[in-house]
Every structure is written in structure tokens, then in C-alpha cells.
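Trainee: Take this structure first; my questions come after.
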2 protein chains.
Amino acid sequence: MGRLLAELADSGARRSKSARRIADYVLAQPAEVVSLSIGELARRVGVSEPTVGRFCTGLGLKGFPDFKLNLAAELARQDFHVAGDIVPGDSCADVITKVFDAAHASLQSTRGGLDPGVVEAVVARLRAARSIVIVGQGASASVALDAQHKMLRFDIPVLAHPDNLTQRMAAAGLGADDCLLCISYTGRTRPVIDIARIADATGATVIGLTAPSSPLAGVARFVLPVASGEDTDLYIPMSSRLAQLAVIDVLTTRLAMAQGEDYPAQFRRIKESQLSTRVGKR
Amino acid sequence: MGRLLAELADSGARRSKSARRIADYVLAQPAEVVSLSIGELARRVGVSEPTVGRFCTGLGLKGFPDFKLNLAAELARQDFHVAGDIVPGDSCADVITKVFDAAHASLQSTRGGLDPGVVEAVVARLRAARSIVIVGQGASASVALDAQHKMLRFDIPVLAHPDNLTQRMAAAGLGADDCLLCISYTGRTRPVIDIARIADATGATVIGLTAPSSPLAGVARFVLPVASGEDTDLYIPMSSRLAQLAVIDVLTTRLAMAQGEDYPAQFRRIKESQLSTRVGKR
DNA sequence: TGTTATCTGTAATTAAATTACATTTTGTGC
DNA sequence: GCACAAAATGTAATTTAATTACAGATAACA
């Protein structure tokens, strides 16, 4: 969700009765509101026109037209959501559009659900960790592998075990100073949940990169929520994987930055180490 | 570029002198126009207010305010591109924003560069292939693994070898009926190029999921271009990996669809096979 | 070059949004 | 619980913006 709608949805915000009503209406029918005049909206909500105007200026905007402009812009960003299901008759171009739209949508909603505070807390734990174990099954295995690859580059003591048995053993061997990063789209993959429980019992910090309010999220001490909910089932495994990787990128970037020395320099070093295997240019 | 701006830029469109002037101004300062009144815009362009109004209705919009709304929405979609470099002082929220923006931008430009015709041709080759070998080094290894995982699900004879030596041997053993899918961000990773050459020499179809106009792209018979160019160096490895995965999604989806029986049913079968390991819900 | 169709601008009208001010509601100290 | 202050809301007036109606200009075509 974007800044504006998120702001409106924020129930903590101090707001008058009419303002609350207006906010609720906008949240319920955002797309419709864009094509409404201030008078129409006022009538529908049951308040006066100036009240709507004050509501808008109270949000820091210049007035009602400005509000509509911002709302339209925000909805446009979200509108990748319109991606429909892939159906048998779809052309190749259709599939391209739908897959990419779904990817955008997944990234959008994951970004909206990420709490910088939680991210920072997770980064702090990862930094302090003596060792980090990453688990992910099935399609999440490649995400785990990717996370491992990146973290190793930054000299972070990390291990992604490929098979379930090794994962269990690794989890059981953890201690209070260690971290377990569990990756799962659904948060309902039994073996992964079991491992999370085992690690939790040892006192290790369990971090879930998974669907919010899933069993796995319940076990984890920190949850980095990855969109799943509303989206159609078909895309979940495809596009939420991208979102997971983006979250991994945020974590590793943040880790690298916290690592002390300045980030670009470190990154440059890594890049240079790769150059030897490259041809042409640079 | 979106529908509206593309329309304005279309020099082929039959348009009056003033209309042309207005279109040019909007194209030059789109963001500014959003905050202008019809009178202001008319003054700056040097035409009358009704002319601006007619210009808008002529575009199929309801009027000038509607035009501004559409323009704002369109700009919002493009604005992902603004992602700046990550700099040492960035906050966690900054990093989240930048990483996700870069991901969006990368997806956008990759989508734009994908030619449905090439995708179809690649899919046809993959379908007809006796066997498929996937190679990717370093960070691309996890992409290769992911591709393998998905293709195996659809009963496609595929193998992603983990180490370079095995990859070379596998490539050498290919024949005219086989495919090699090479994954590389830069298209300049020597070992991957070597393997592509070896496979090409055997008559196998070499497909490159890589940067266009790179050495690897030169060797490959088919190129699925993944954005790299303009973007700042720092992000290339992070976000182009997401774009690569999205392309893989398109390929596998298309493969599954072509596989004969209807796609949703097949997908459902796969999902059901996973349910046994899940807890709660469904 | 005359004729017509299209485009453009001026002025009038209508619609929309904001401001000013009066009234009500809500909260607070006693 | 009452008096007062502060905030919120509404009504009406004002201003601003946008559209419409119409007339003049320009360009296209015979």
C-alpha cells in the first residue's frame, strides 16, 4: 500500500469523526473517489464540502483536486494487481503481461508490509549471530541458496543445508547466539515449521520470511511478511519468490552497510574479485 | 512509456498545430503539467483555454481535470525508475525503497525487451528438446536451480549441474536435439561463454538469458534479454536476478500450457501433491 | 478564387472548490 | 455537572477553474 492510503488506514492517527468517515469511504472505494467532485463525495459520506476540503489540507495536500491527483497516482502504482489468471487460450504476450504484473503486485504489497523497525531488529540479530542457518524446501530452496550465496560474500557465517535431515540436525545444534532463517511461501510446510520449533527450543532466534499469520509466523520471533493473501493461488509460488528475494536483498544490503566499512567500497571489492572471470569491457 | 504519453509522442497522429504544441509541452514537462491549471498551461503553451480543453476531449478524456488525473497515474507508474544509489547514510526505510524500486525498474525494462515471438521460438525448442541443460555460475546458480526445479515439475527433461566441470562435460555431450540454457547477468562470465561455445559446436540450441549485445548473447542462437544497461552497477546483480526469474516463470508457464492438457488442471495436480506436507487451512 | 470545413479565440456560463463566518459539538477545569 | 475554551462542522459567499456557445480566422479543396 502506498503512503496516502496507508496514512488513511492508520487507525492510530488522531482524526475527527467526519475525517474518519471520509477516510473510511476513500479506503473502501478509492478508485471511485478519483472521479468524484468534492460535492459528490461530501454528499456520499454525509458531510459538508468544506469538511472534505479540510480533510485534504489536513493530510498536507493543497486541496481536494490535489488529493485526487495523489490518489490516482497511488492507485496507478497498485494497479498492477489487475493481472488476471492465466487461462488456456492466453497468447504468449498475455502470459508475459500477466506474469510480470503479478510480480510487480507481489513486490508492491511485500514492500508495503515490511516494517523498517523489524528489518533493523532482524539485521541486528543476524549481525550478532555466531552462526546463521537458512532453511527452505522445494522452490524456497533456491531462495535459501541465493541468500547463502550473498551472505557468504559479506563474510557472514551462514549455511543453507539442502536436505531436511541435515537441516534438522543443524537446527538442533543451534544456541542462543544463533539465528535460523526460515523461508516458506505458505508458512505451512510442516518440516520447516518443525525445524523452527526445534531451533526455538534451543533459544536461537527464529526469523520467518513467510506469509503473515501463518503457523510458521507464529513460531518465529521475527516475521518478515511476504505477500500471499488475496492474490490468486496460481501466482503465489511464482511471484512471492521474487518478493522473498527482494527482502533478502534488503537484508544483505543492510548487513553489508552495518558491517562497518562503507558499503560501496566493499561491494566494489567483491565485484573486482569476479572480474577475473569476465571477458571484454571494464 | 504508458498509453497516454506514447499517444502524445506518436508523430503519426493527425493533429492540429496547437494540439501539436500542447502535446510537445506536455511531453517536455509532464510532471509539471500535473500541477497546472488549464489557464496556466494555455498561457505557457500560448493557446487559449478551450483549445487545451478540446485537446483533452480529443484524446478521449472527459476534460482537462481528467487529463491531469490520467497523466498523474501514468507518471506514477514510471516513477519506479527514480531509484537512486544506496549511499552510506541511508536509513533502513531508504534501502527498502531503493531495493524495491530497482526491482520494479528491472522488471519493467525486461518486460519491455521481451519479444513474444522469440519467447515462443524458445519454448518450441525447449518442448522439442530431448534434454535440456541449464548453466549458471555464482549468483545465477540459484536461478538455474530454480529453473530446474520448476521444469522438473512439468516433466521436462532438465538438468542444472552445479559445478563448472560437470557443466562442460554435459555441454560436450549434447546433440542437435538438445538445448542449453545459459544464465548470466553480464553475459561476460568466461566459463559460461565457453560452455555455450562447446554446446553450439555440437549443434545444440543455445539459449541465453542474459544481457543483450554481450559476448554470451553473441554466441546464443536465441537471446532472452534481461535489462542491465542503464541501471547503476550496484543493482545489476540484485535486481536483474529477479527479472531473470520472471522470464523463467514465463517460459515454464508457456511450456506447461503447450504441454497439451490444460494448464490450471496441471497446476492443481502439482499443488495437491504438496498439500500432504502442509498444516492447517485448505 | 470562392467555398467549405476545421480550427481557434473571446466572452458568457456553469460547475467546482475554497474562504469567511456562524453554529454546534467536544473536551476540560472547577 | 456546569461554565468555558477549543475544536470541529456546516451554511453561505466568494473565488477560481473549466466548459460551452458563438464568432472570427485559417487552411483545404475544387
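The values are calculated or read from the model by the stated rules, or taken from the named source; none is laboratory data. Bear in mind the structure is a predicted one, so any value in this text is a computation, not a measurement. So basically every Cβ, Gly included, is an ideal-geometry build from the backbone, and we count neighbours across all protein chains shown. Only protein heavy atoms, including side chains, enter the accessible area calculation; ligands, DNA and RNA are left aside. Shrake-Rupley method; radii C 1.70, N 1.55, O 1.52, S 1.80 Å.
Trainee: Compare B:ILE248, B:ILE198 by solvent-accessible area with a 1.4 Å probe and give them largest first, with all protein chains kept in place.
Mentor: In descending accessible area the options line up as B:ILE198, B:ILE248.
Trainee: Which links in A:LYS17/A:LYS98; B:LYS17/B:LYS68; A:LYS68/A:LYS150; A:LYS150/B:LYS68 stretch past 32 Å when you go from one Cα to the other?
Mentor: Pairs exceeding the cut-off: A:LYS17/A:LYS98; A:LYS68/A:LYS150; A:LYS150/B:LYS68.
Trainee: Another one. Between B:LEU165 and B:ARG127, how high is the FRET efficiency from 1/(1 + (r/R0)^6) when r is the Cβ-Cβ distance and R₀ = 25 Å? Nearest 0.05.
Mentor: Efficiency, from the Cβ-Cβ distance: 0.30.
Trainee: Hey, what's region B:3-80 come to in accessible area per residue, 1.4 Å probe, Å²?
Mentor: For region B:3-80, the solvent-accessible area averages 51 Å² per residue.
Trainee: Also: I'd like the residues of region B:98-115 whose 1.4 Å-probe accessible area shrinks by no less than 20 Å² going from the isolated chain to the full set of protein chains.
Mentor: B:VAL99, B:PHE100, B:HIS104, B:LEU107, B:GLN108, B:ARG111, B:LEU114
Trainee: Using a Förster radius of 25 Å, what is the FRET efficiency between B:ALA6 and A:VAL87 based on their Cβ-Cβ separation? Nearest 0.05, please.
Mentor: After rounding to 0.05, the efficiency reads 0.40.
Trainee: Let me ask something else. To the nearest 0.05, how large is the calculated FRET efficiency for B:SER48 and A:LEU152 if R₀ is 56 Å and r is the Cβ-Cβ distance?
Mentor: On the way: r = 66 Å, r/R0 = 1.17.
With a Förster radius of 56 Å, E is 0.30.
Trainee: Here is a further query. Quick one: buried accessible area between A and B, total over both chains, 1.4 angstrom probe, nearest 100 Å²?
Mentor: Chains A and B together bury approximately 6500 Å².
Trainee: A:ARG77 accessible area, nearest 10 Å², 1.4 Å probe?
Mentor: 80 Å²
Trainee: Taking the label point as lying 7 angstrom from Cα along the Cα-to-Cβ axis, what are the distances from A:ASP94 to the corresponding position in the remaining copies, in ascending order and in nanometres?
Mentor: Copy-to-copy label distances for A:ASP94: 4.6 nm.
Trainee: Could I ask something else about it? Grab the Cα-Cα distance for A:ARG197 and A:ASP66, subtract it from 0.36 nm times how many residues apart they are, and report the gain in nm with one decimal. Write out the running numbers ahead of the final one.
Mentor: Numbers: separation 131, 0.36 × 131 = 47.16 nm, distance 5.04 nm.
Length difference between fully extended and current span is 42.1 nm.
Trainee: Just the accessible area for A:GLU40, please: 1.4 Å probe, Å², rounded to the nearest 10?
Mentor: Accessible area, nearest 10 Å²: 60 Å².
Trainee: Taking each residue of A:87-97 in turn, how many C-beta atoms of other protein chains fall within 10 Å of its C-beta, and what is the average?
Mentor: Counting other chains' Cβ atoms within 10 Å and averaging over A:87-97 gives 6.
Trainee: Copy-to-copy spacing for A:SER213, label 7 Å out on the Cα-to-C-beta vector, in nm, shortest first?
Mentor: 5.0
Trainee: Here's a follow-up. Got the B:SER37 label distances to the other copies yet, label 7 Å along Cα→Cβ, in nm, shortest first?
Mentor: Those separations, rounded to one decimal, come out as 1.7 nm.
Trainee: Quick one: accessible surface of A:ASP194, probe radius 1.4 Å, all protein chains present, in square angstrom to the nearest 10.
Mentor: Estimated to the nearest 10 Å², A:ASP194 gives 40 Å².
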